[in-house]
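Participant: Below you'll find the structure I mean.
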């Protein structure tokens, strides 16, 4: 019978080290099941992302596994337009879009890596980022505002992104609001000027309603 | 205008006196204190000898050293309304705390242990006795790490680290070659298996805030070098840098140092602009007004330095270092409070590692007497909702899978996402990518004009840890005193 040496816990950061603990009995069964689950986990990574290591590892902490955030403060990249993602990474790298976290990180990426990351995240299945507490009145106000401001012209009729605008449907409410306010205040700029012009017209309450409405939309499959 | 001030004969005489006072000071004589007191009276009241920017462990240690050396003409500027930088406590009631940021110390970290003794802050051992739990999907596995012995991959890392000095790793003989590789690329070359990959991923992710895929091998080896060339000592609890905690939490070190400074400690004073750093008197523009000083100790993370406007612009190398220094490693740490540390009864130590969910790693963070059970957890920020009720339940469910259903009955929950709480941290520790240190490292420590750089990132030993912050504070205070002496001698 095969006995497998488990190599677990090289410190697991702060957890000390066990290396090569040969196990027996019921623990061995649990060990096999764990190793099997771990093997499947990494097999999915290798199939989906590529041979380890890949730069996506670095994105996961703030953008979620496969670029799907479950925290409304952090933007989802899954299912986002590749052209948009590429343009944003370039803008961060060149200091044209501001983020203390993203600027230095993007600056370390080559053009090829940026293109490849953008394509990778674009082909991931998007989900709703986080479910905001339901507020029907606020949603209705947001829906009316989106229609009045003509958001779908750039962002698509289902807000899953259009020729010039990124996916908004199902993005996190806090993230959407922060970006609307950044456009309004001019701390984020849109090369076409369209978003700055539109956001400049929004009252804080209208921006709140828009963010709530868009965050509550399901991410449609394409 | 400032240069005109110092060119007057009266001023030159004053500076000479101050220089003499500084020299005497270094000798530690009683005369020194009197001489300094006299010269301070002669100093224009609005120009300080030293300004310290940042009231974390580094800045406060520097300020404390200045104070203890007899310097009275200084102040500390802090952006937040609290001191402590990347250390702070959650107050859980009844005097019980849990640390939201840096919290551990261990063998070899002599600077912070000395500081704790001087400040009369007691220490106690972290609780790590018992078995760790590992989760992947529905699978659960537990293992006692105390029987651990070395493995060839860590032995090789330890061996390599001997040639990469923690002080200025970019000066290592093979620095350029080593710095081409990420830790993950190097690990791949060693042919590690999935269990090791998981272990290194978790371990390095926690220690450096970034996965092995984007961590420079050169930087990681320099961290191991700090830990007496032992990855076990760097990463471990038993005999490692996580072995010891501070009674009352690491934050107490900062609050005690700040209390002794009195009104020299100026809170809610974020620095927006630093002008004339290349002249005799530096101008520091804060939200509370202008402060002028002969020397400035900038005890900030390099990425935070980049948020400040410098006039004139900093030299190219230093400016690029600040612009490109990685800041993408914010940590999010949560706290679940239980009636008691129930996991200990089952022979478990509360340490849980999850391969494929929101939890990176949890540990027993109960007070020394174990009177309350506390589980602190490092979580993957975007894989867990921000909303407290759902986040706490999701994590409790994971704890229950690992430790039993008692984990569902928690009394309190706290969450600290360092990236989102305020703009004054930005990032945890050094997520340095390949190629960075060999290109920009040499601009990290040398003073620029009247600006002296401090902060754990600049430490010669134990950079990235609380101990490194303390060391960098000591060094910055010495540099500032020496610069005052030298400048006055030249005046």
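Participant: Can you find, within region B:41-93, the residue that is surrounded by the most Cβ atoms within 10 Å (Cβ to Cβ) among those that are over 16 Å from residue B:295 (Cβ atoms) and modelled with pLDDT under 95?
Facilitator: By that ranking, first place goes to B:42.
Participant: Right, another one. Kindly establish whether residue B:151 is under 26 Å from residue B:361 (Cα atoms) and loosely packed, with under 14 Cβ neighbours inside 10 Å.
Facilitator: On the way: under 26 Å from residue B:361 (Cα atoms): yes; loosely packed, with under 14 Cβ neighbours inside 10 Å: no.
In short, no.
To keep it simple, each residue is scored yes or no on (1) crowded, with 21+ Cβ neighbours inside 10 Å; (2) within 20 Å of residue B:401 (Cβ to Cβ); (3) at pLDDT below 50; (4) under 17 Å from the mean Cα position of the chain (by Cα).
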| site | (1), (2), (3), (4) |
| --- | --- |
| A:9 | yes, yes, yes, no |
| A:27 | no, yes, no, no |
| A:55 | yes, no, no, yes |
| A:59 | yes, no, no, yes |
| A:67 | yes, no, no, yes |
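Participant: Given (1) more than 30 Å from residue B:470 (Cβ to Cβ); (2) buried (at least 17 other Cβ atoms within 10 Å of the Cβ); (3) more than 14 Å from chain A (Cβ to nearest Cβ), where does residue B:177 come up short, assuming only one miss?
Facilitator: Checking residue B:177 against (1) more than 30 Å from residue B:470 (Cβ to Cβ); (2) buried (at least 17 other Cβ atoms within 10 Å of the Cβ); (3) more than 14 Å from chain A (Cβ to nearest Cβ), the one that fails is (2).
Participant: Please count how many residues of region B:440-491 are within 15 Å of the chain's Cα centre (by Cα) and at positive phi.
Facilitator: 3
Participant: Oh, and also: For region A:189-204, how many residues are assigned to a helix (DSSP H, G or I), touching a helix residue (DSSP H, G or I) at 6+ places or on another chain (Cβ under 8 Å) and surrounded by fewer than 15 Cβ atoms within 10 Å (Cβ to Cβ)?
Facilitator: 2
Participant: Now for a separate question. Pull up region B:369-385, narrow it to residues that are within 14 Å of another protein chain (Cβ to nearest Cβ) and either in a strand (DSSP E or B) or surrounded by fewer than 20 Cβ atoms within 10 Å (Cβ to Cβ) (or both), then point me to the one that is farthest from the chain's Cα centre (by Cα). Quick ask: steps written out before the conclusion?
Facilitator: Going residue by residue through region B:369-385, those that are within 14 Å of another protein chain (Cβ to nearest Cβ) are B:375-385.
If we keep only those that are either in a strand (DSSP E or B) or surrounded by fewer than 20 Cβ atoms within 10 Å (Cβ to Cβ) (or both) too, we end up with B:375-379.
Values: B:375: 22, B:376: 19, B:377: 19, B:378: 17, B:379: 19 Å.
Here the answer is B:375.
Participant: When residue A:84 is evaluated against the numbered criteria (1) facing another protein chain (nearest Cβ under 7 Å); (2) surrounded by fewer than 20 Cβ atoms within 10 Å (Cβ to Cβ); (3) modelled with pLDDT of 95 or more, which criterion, by number, is the only one it fails?
Facilitator: All conditions pass for residue A:84, except number (1).
Participant: Continuing with the same structure: Looking at region B:393-414, can you tell me whether even one residue there is closer than 24 Å to residue B:428 by Cβ, buried (at least 20 other Cβ atoms within 10 Å of the Cβ) and at the interface with another protein chain (Cβ under 9 Å from one of its Cβ atoms)?
Facilitator: No.
Participant: Suppose the filter is at the interface with another protein chain (Cβ under 10 Å from one of its Cβ atoms) and part of a helix (DSSP H, G or I); does residue B:205 pass it?
Facilitator: yes
Participant: Further question: Of all residues in region A:152-166, count the ones that are surrounded by 20 or more Cβ atoms within 10 Å (Cβ to Cβ) and in contact with a helix residue (DSSP H, G or I) (Cβ under 8 Å, 6 or more places away or on another chain).
Facilitator: 4
Participant: If you go through region A:129-151 one residue at a time, do you hit one that is closer than 21 Å to residue A:68 by Cα, under 19 Å from the mean Cα position of the chain (by Cα) and surrounded by fewer than 18 Cβ atoms within 10 Å (Cβ to Cβ)?
Facilitator: Yes, region A:129-151 contains a residue that is closer than 21 Å to residue A:68 by Cα, under 19 Å from the mean Cα position of the chain (by Cα) and surrounded by fewer than 18 Cβ atoms within 10 Å (Cβ to Cβ).
Participant: Tally up the residues in region B:432-443 that are buried (at least 19 other Cβ atoms within 10 Å of the Cβ) and out of contact with any helix residue (DSSP H, G or I) (no Cβ under 6 Å at 6 or more places or on another chain), please.
Facilitator: Here the count works out to 2.
Participant: If you take the residues of region B:226-247 that are assigned to a loop (DSSP other than H, G, I, E, B) and more than 8 Å from chain A (Cβ to nearest Cβ), which of them is surrounded by the most Cβ atoms within 10 Å (Cβ to Cβ)?
Facilitator: Filtering region B:226-247 for residues that are assigned to a loop (DSSP other than H, G, I, E, B) and more than 8 Å from chain A (Cβ to nearest Cβ), the one surrounded by the most Cβ atoms within 10 Å (Cβ to Cβ) comes out as B:241.
Participant: More than 13 Å from chain A (Cβ to nearest Cβ) and under 21 Å from residue B:87 (Cα atoms) - does that describe any residue in region B:428-436?
Facilitator: No, every residue in region B:428-436 fails to be more than 13 Å from chain A (Cβ to nearest Cβ) and under 21 Å from residue B:87 (Cα atoms).
Participant: Of all residues being outside any loop (DSSP other than H, G, I, E, B) and surrounded by fewer than 23 Cβ atoms within 10 Å (Cβ to Cβ) in region B:339-358, which is nearest to the other protein chains (Cβ to nearest Cβ)? Just the residue, please.
Facilitator: Restricting to residues being outside any loop (DSSP other than H, G, I, E, B) and surrounded by fewer than 23 Cβ atoms within 10 Å (Cβ to Cβ), the top hit is B:348.
Participant: Now, a different point. In region B:184-196, which residues are surrounded by fewer than 24 Cβ atoms within 10 Å (Cβ to Cβ), at the interface with chain A (Cβ under 7 Å from one of its Cβ atoms) and without any contact (Cβ under 8 Å) to a residue 12 or more places away in the chain?
Facilitator: Hits for region B:184-196 are B:188, B:193, B:194.
Participant: Do we have residue A:113 as free of Cβ contacts under 8 Å to residues at least 60 places away in the same chain, closer than 22 Å to residue A:163 by Cα and more than 8 Å from every other protein chain (Cβ to nearest Cβ) here? Give the steps one after another, and end with the answer.
Facilitator: Values: free of Cβ contacts under 8 Å to residues at least 60 places away in the same chain: yes; closer than 22 Å to residue A:163 by Cα: no; more than 8 Å from every other protein chain (Cβ to nearest Cβ): yes.
Answer is no for this residue.
Participant: Quick check: is even one residue across region B:386-396 in contact with a helix residue (DSSP H, G or I) (Cβ under 7 Å, 6 or more places away or on another chain) and part of a strand (DSSP E or B)?
Facilitator: No: region B:386-396 contains no residue that is in contact with a helix residue (DSSP H, G or I) (Cβ under 7 Å, 6 or more places away or on another chain) and part of a strand (DSSP E or B).
Participant: Given A:73, A:81, which one is over 24 Å from residue B:435 (Cα atoms) and either in contact with a strand residue (DSSP E or B) (Cβ under 8 Å, 6 or more places away or on another chain) or in the same structural domain as residue A:171 (by TED's automatic domain parsing) (or both)?
Facilitator: One residue alone meets the criteria, A:73.
Participant: Now for a separate question. Could you list, in sequence order, the residues of region A:58-72 that are part of a loop (DSSP other than H, G, I, E, B) and facing chain B (nearest Cβ under 7 Å)?
Facilitator: A:64, A:69, A:70, A:71, A:72
Participant: Check off (1) part of a loop (DSSP other than H, G, I, E, B); (2) surrounded by fewer than 23 Cβ atoms within 10 Å (Cβ to Cβ); (3) more than 11 Å from chain A (Cβ to nearest Cβ) for residue B:463 and give me the number that stays unchecked.
Facilitator: With respect to (1) part of a loop (DSSP other than H, G, I, E, B); (2) surrounded by fewer than 23 Cβ atoms within 10 Å (Cβ to Cβ); (3) more than 11 Å from chain A (Cβ to nearest Cβ), residue B:463 is out only on (2).
The values are calculated or read from the model by the stated rules, or taken from the named source; none is laboratory data. Because the structure is a prediction, the values reported are computed rather than measured. No Cβ is skipped: glycine too gets one built from the backbone with ideal geometry, and neighbour counts run over all protein chains shown.
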